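Okay, so here's the structure we're looking at.
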Amino acid sequence: MSTKTIDQVEEQFETFQILNEEGEVVNESEMPDLSDEQLQEIMRRMVYTRIWDQRAISLNRQGRLGFYAPTAGQEASQLGSHFALEQEDWILPGYRDIPQIVFHGLPLHQAFLWSRGHFGGSQFPDGLNIVVPQIIIGAQIIQTAGVALGLKRKKKENIAITYTGDGGASQGDFYEGINFAGAYNAPAVFIVQNNRFAISVPVEKQSAAKTIAQKAVAAGIEGIQVDGMDVLAVYKATLDARKRALAGEGPTLIETLTYRYGAHTMAGDDPTRYRTSEEDDEWAKKDPLIRFRKFLEGKKLWSEEKENEVVEQAKEDIKQAIKDADKTPKQNVTDLLGFMFENPPVNIREQLEEYTAKESK
Amino acid sequence: MGNWTMAQAITDAMRNELNKNEDVLVFGEDVGQNGGVFRVTEGLQKEFGEDRVFDTPLAESGIGGLAIGLALTGHRPVMEIQFFGFVFEVFDSIAGQMSRWRYRSGNKQTMPVTVRSPFGGGVKTPEMHADSLEGLMAQTPGLKVVIPSNPYDAKGLLISAIRDNDPVVFLEHMKLYRSFRQDVPEEEYTIELGKADIKREGKDITIIAYGAMVQASMKAAEELAEEGVEAEVIDLMTVSPFDVETVIASVEKTNRAIVVQEAQKQAGIASQIVAEITERAILSLEAPVLRVTSPDTVYPFAAVEDAWLPNPAIIVEKAKEVINF
């Protein structure tokens, strides 16, 4: 009798790709049906997000933003998957997944408020189906199972999508979440953005599994590994997963192979302590913007001029968003006490009185 | 009117709310077909279907996350943790996530989850089943922690908990499930969360208790009465945030108090009550406020449980100590 390992089914988890590093289509049959405008919009969002990331890092260094987790390198994973969603779909993001919720409808100045630790950043516009970015990296996975089951019960034609990183796939809640969603056949899509490092610990030290995608096998759900620097592949994989979920064919786990160029967060992480410049250079060659730009230029859908327009727009929007964030009234302890319960019990009532007196001075 | 055990009263509260509101869902390990290991959800799946009353995979953290997600999509989840000793597995969902949801969303998303769970000692369960962990919950701002002491209160409090738009941890003492019956109205009624109940009036000393310790305190009060001491017994019912007004009014009347909890001395509720009495009513006191608790050991194996847990005799002794101070 022999035991079985995933090696026997490894070929099922080959990396899915549509565009190679030169922006050439290598998988024509999987080419998604997107209009020229849609293709340009995807590029626009990726360029916009790259500029936003550069500005956010600089604003953070100036002390004008708070907590920030850089996103450069992950644009294809984040925005390609988001582009496959419908407006009523639910997003349960991790702390790095701010671009998706902004393109889903969160005003940019609120994203900045969230970064500054102001609750105004998570007072979402009515009807916007997003959840406050999660800090505990497995918690959103189990919550997604719940949202997806909730959508199914309410007979909504929508899915719940969630994001975590390769480190998040080590959390117990990751397994519980994909298992629950599978057991309830709930319309959920789980995206693991494998950016190679959980802060400093490489993915090889997270697990003996060769892919994160194969973890779907044990939960009895679909799993796929995607080239996370290829925006079309991520888009197509998510679109297919969404369709399957709504067709009652269950959840999907999507592993995107990606890389964060920057630090884990701006709170003192120094990536040179745990990775080499050779590794950085190697991944820079796979850059999602370069390859998609090449692809679009080949179709005469992109130009330097267009790119500059987006860059200028992004800079303008960011300037305005910072101004709007600055204008937001300061958060105080009275607000905090006021939001603890619907009907404040006696301890909260007393403390509200105390802080109202203090803070109205 | 039914003459019900606390288990039956709790089932009836859930039945009432399942009937009343389509969005109420009851789920947990073994709660469906099996009706729960204590049969508290008995018959509910048959009555309301697998869509409303359902079994979950065996994973407490997943159950908590499921409840949060369901609440976000407009449901009112009543989740069961099979034994409260297993709460550590789901601590993040309850204490880390649900408790802060209203604030973190700037009051735009609510978390109307009821976490039901059996707990409490004296029934000789295996390790990790009986632990009194209400103190851990009570130390978490944003949670309400409710512990009924009889069938009537249990029904009214659970209906209130399910209707509350904030997370409520509802703990059911295992020893009380079937130890006695009480007349319980079949129609619906609510008991306000956050209010204590004076179970016995008295003028000489206030005994503050909750859960199974209310029965022990009532017995102690009877014994004290035989010796001419009239004890007032307050059942907190909601242990966090607790009804400080009722407690202080009573202490100002009796000038003496003891606090009785089944949990270890360092474990929570009683210390908070003593602190509040000290801050608010020290000049009314004729003696220090003493605590009747279990000792500060890990929760013991079954064979020593009876010696370890507080009982009426110890309560009487402690009350006399305060009176004779």
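Beyond 28 Å in Cα-Cα separation lie the following of the pairs B:K155/B:K199; A:K306/B:K108; B:K144/B:K199; A:K319/A:K361; A:K155/B:K108; A:K285/A:K315: A:K306/B:K108; A:K319/A:K361.
When the Cα centres of the stretch B:215-255 and the stretch A:325-361 are compared, how far apart do they sit, in Å? Cα centres, the stretch B:215-255 to the stretch A:325-361: 33 Å. For the residues of B:72-84, the average number of beta carbons from a partner chain within 10 Å of their own beta carbon is 3. The sum of -39500 (n - 2.57) across all DSSP H runs of n ≥ 4, divided by the residue count of chain A, sets its helix-only mean residue ellipticity at 222 nm to -13500 deg cm²/dmol.
For A:N343, what is the net charge nearby, where nearby means another residue's Cβ is under 13 Å from its Cβ and Lys, Arg count +1, Asp, Glu -1?
Values: positive: A:R349, B:R102, B:K144, B:R163, B:K195; negative: A:E342, B:D164, B:D166, B:E192.
Here the count lands on +1.
The HN-Hα couplings worked out from phi for the stretch A:59-67 by the Karplus form 6.51 cos²θ - 1.76 cosθ + 1.60 (θ = phi - 60°) are 5, 4, 5, 7, x, 9, 10, x, 4 Hz, whole numbers, x standing for Gly and Pro. Taking each DSSP H run with n ≥ 4 as -39500 (n - 2.57) and averaging over every residue of chain B yields -10000 deg cm²/dmol at 222 nm.
Sparse packing (at most 13 other Cβ atoms within 10 Å of the Cβ) combined with a DSSP loop state is found for the following GluC sites (Glu not before Pro) in the stretch A:330-361: A:E342. Classification of the stretch B:190-257 by its C-alpha gyration tensor yields an oblate form. The axis ratio a/c (a ≥ b ≥ c) is 1.5 or more, and b/c is at least a/b.
Around the Cα centre of chain A, unit charges on the Cβ atoms of Lys, Arg, Asp and Glu (plus for the first two, minus for the last two) sum to a dipole of about 980 debye. The peptide list A:169-175, B:18-24, put in order of mean Cβ contacts within 10 Å with the highest first, becomes A:169-175, B:18-24.
Inter-chain Cβ neighbour count for B:193-203, averaged per residue, equals 1 (cutoff 10 Å, partner chain atoms only).
Roughly how many whole Å is it from the C-alpha centroid of the stretch A:95-116 to that of the stretch A:197-211? Here the two parts' Cα centres lie 28 Å apart.
Based on the Kirkwood radius over alpha-carbon pairs, what value in µm²/s does the Stokes-Einstein equation return for the translational diffusion coefficient of the protein assembly as shown at 37 °C and 0.692 mPa s? Let's see the in-between values first.
Values: Rh = 27.4 Å.
For the chosen part, D equals 120 µm²/s.
Put simply, when A:213-224, A:12-23 are sorted by average Cβ atoms within 10 angstrom per residue, most first, you get A:213-224, A:12-23. The lysines whose alpha-carbon is closer than 19 Å to the alpha-carbon of A:K210, local same-chain residues fewer than 8 away aside, are A:K4. Label the stretch A:2-329 by shape, choosing from rounded, prolate and oblate, from the square roots a ≥ b ≥ c of the eigenvalues of the Cα gyration tensor; if a/c is under 1.5 it is rounded, and otherwise prolate applies when a/b is larger than b/c, oblate when it is not. Verdict is rounded for the stretch A:2-329.
When each of the peptides A:50-61, A:89-100 is scored by how many other beta carbons lie within 10 Å of its residues on average, the order from highest to lowest is A:89-100, A:50-61. If a/c stays under 1.5 just call it rounded; otherwise compare a/b with b/c (prolate if a/b is bigger, oblate if not). Do that for chain B, with a ≥ b ≥ c from the square roots of the Cα gyration tensor eigenvalues. Since a/c reaches 1.5 and a/b is larger than b/c, the shape of chain B is classed as prolate.
Taken residue by residue and averaged, Cβ atoms of other chains lying within 10 Å of the Cβ of B:105-114 number 4.
The numbers here are math on the coordinates, done by the rules we state, and not lab data. Since the structure is predicted, the reported quantities are computational estimates derived from the model, not experimental observations. Don't worry about glycine lacking a Cβ; one is built from the backbone with ideal geometry, like all the others, and counts go over all protein chains shown.
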